[in-house]
Amino acid sequence: MSSFDATRKRLKTIHSRVPDFPEELMRLLRMTYHIQKRMKDLSNAALRKYDLVDASYMVLAVLYGSEDETSTASTLGEACMEKPANLTRVCNDLESQGLIVRGTRPGDRRCVMITLTDSGRALIAQVLPEVWTSTTRAYDGYSQEDVRQLENLFKRQLDNFETNT
């Protein structure tokens, strides 16, 4: 029995009670929630020994992938999909560990700039392979064409959100 079978059954029950309920689309949506939860659990398991969680890992990874390993707080929040209050908490933790530093943009003291430290750079370089090794197993058995097709489908979904908001 799949861990998703109970969800599938509940969706069928809802559809039997509400005939207009888009069961197939809602099943896909629920599957994406399940996949995201499992990916986050795998990521957090790999990160635990480094005293990191998924949100802090994302901040470090986004900074590592940014030009000059620096970002404004607002751009970092958008890239990590974190609300300002949670980003502040995560950055407080990372700063106390010496993994990032915060400062202001020259000429605009209101703009908070967040930069990866040498320790943060070393840690994210060490952690990245462990996280991708544990999370990319979700795609075991996928061909390159499968991966490209899935990426295109996900892109269409993201485009739908952007055009419908």
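Taking 0.36 nm per residue of separation and subtracting the Cα-Cα distance, full extension of the segment from L150 to T133 would add 4.2 nm.
For region 56-111, what class follows from the C-alpha gyration tensor (a ≥ b ≥ c being the square roots of its eigenvalues): rounded when a/c is under 1.5, otherwise prolate if a/b is larger than b/c, else oblate?
On the way: a/c = 1.28, a/b = 1.25, b/c = 1.02.
Rounded, since a/c falls under 1.5.
Please report, as a whole percent, how much of the solvent-accessible surface of the chain comes from carbon and sulfur atoms (probe radius 1.4 Å). Carbon and sulfur together cover 55 percent of it.
Computed over the chain, relative contact order equals 18 percent, with contacts defined as Cα pairs under 8 Å that lie 6+ residues apart. Stokes-Einstein diffusion of the chain at 20 °C, 1.002 mPa s viscosity, Kirkwood radius from Cα pairs, rounded to a whole number: 116 µm²/s. Among the chymotrypsin sites (Phe, Trp or Tyr not before Pro) within region 1-94, those in coil by DSSP and having at most 14 neighbouring Cβ atoms inside 10 Å are F4. For the chain, lysine pairs with C-alpha atoms less than 27 angstrom apart, excluding pairs fewer than eight positions apart on the same chain, total 11. Under 5 Å from the amide H of C111 lie the amide H atoms of R105, each residue being 5 or more positions distant or on a separate chain, with H modelled from the backbone and absent for Pro and chain starts.
Legend: Rg and Dmax of region 91-154, from Cα coordinates, 18.2, 52 Å.
For D159 and F4, compute 0.36 nm times the residue count separating them, minus their Cα-Cα distance, and round to one decimal in nm. Walk me through the intermediate numbers first.
Working: separation 155, 0.36 × 155 = 55.80 nm, distance 2.71 nm.
Value of the extension gain: 53.1 nm.
Distance between the 7 Å Cα→Cβ label points at A45 and K83: 2.9 nm. In this structure the chain gives 70 Å² per residue of accessible area when probed at 1.4 Å with all protein chains present. Taking the Cα atoms of region 1-55, the ratio Rg/Rh between the radius of gyration and the Kirkwood radius comes to 1.20.
The values are calculated or read from the model by the stated rules, or taken from the named source; none is laboratory data. Being a predicted model, the structure only gives us computed values, none of them experimental. All Cβ positions, even for glycine, are placed from backbone atoms using ideal geometry, and neighbour counts span all protein chains on display. To get the accessible areas, we keep the full protein, side chains included, count just its heavy atoms, and leave off ligands, DNA and RNA. Shrake-Rupley method; radii C 1.70, N 1.55, O 1.52, S 1.80 Å.
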